[in-house]
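Novice: Here it is: the structure, laid out below.
Coordinate-derived values only; no laboratory data. The structure presented is a predicted model; accordingly, all values stated were derived computationally and were not measured. Glycine gets a Cβ as well: all are built from the backbone with ideal geometry, and neighbour counts include every protein chain shown.
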Amino acid sequence: MNKQLYIKTVKGKGRGVFCKQFIAKDEVFETAHVIVLPAQDYDTATASALCDYFFNFDKEQCTLALVLGFGSLYNHAVHSNAGYNLNKETKTMQYYAVEDIKPGTEICINYGGEYGKEYKEWFEARNIIYKQA
């Protein structure tokens, strides 16, 4: 499972996650634990600089998840090469390849959680110029 993931600066994006080894389609390449922030911390967390690194843990209950490992550092792509699944029982997030990923390639997920979803509103809410890759 350890594909020797590493962080590299990506022009126009900041940090990005890359792999040193080939990752085959459907292969799980990272399982990361999550820290769940309770609903009473929602407003404080979303008003902080850390808000860009949270996932919704339970949207209806206003709980957030901070994913450890490389989990909160993957960049967005409309047509991402990776996907993710949140397991609420084990409080873990699994990242898997949706296509073969060659060594040296940036690993991107779709922030909307759905392959092909544009998700411009996430960038617009943060005054980030959205550029589809």
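Novice: Please give the FRET efficiency for Ala47 paired with Tyr6, using the beta carbon to beta carbon distance and R0 = 30 Å, rounded to the nearest 0.05.
Specialist: 0.45
Novice: Which net charge results when you count Lys and Arg as +1 and Asp and Glu as -1 among the other residues whose beta-carbon is under 12 Å from that of Thr9?
Specialist: My count for the surroundings of Thr9 gives +3.
Novice: Over 26 Å between Cα atoms, which of Lys25/Lys59; Lys11/Lys102; Lys11/Lys59 qualify?
Specialist: Over 26 Å apart, Cα to Cα: Lys25/Lys59; Lys11/Lys59.
Novice: Mind ordering 61-70, 37-46 by average Cβ neighbours within 10 Å, highest first? Don't skip to the answer; put the middle values down first.
Specialist: On the way: 61-70: 18.3, 37-46: 13.4.
Highest to lowest by the protection proxy: 61-70, 37-46.
Novice: Summing +1 for each Lys or Arg and -1 for each Asp or Glu, what net charge is found among the other residues whose Cβ lies under 9 Å from the Cβ of Lys25?
Specialist: Every neighbour counted, the sum reads -4.
Novice: Next question. Compute the projected area of the convex hull of the Cα atoms of the stretch 5-124, averaged over all viewing directions, and report it in nm² to one decimal place.
Specialist: Approximately 7.5 nm², given one-decimal rounding.
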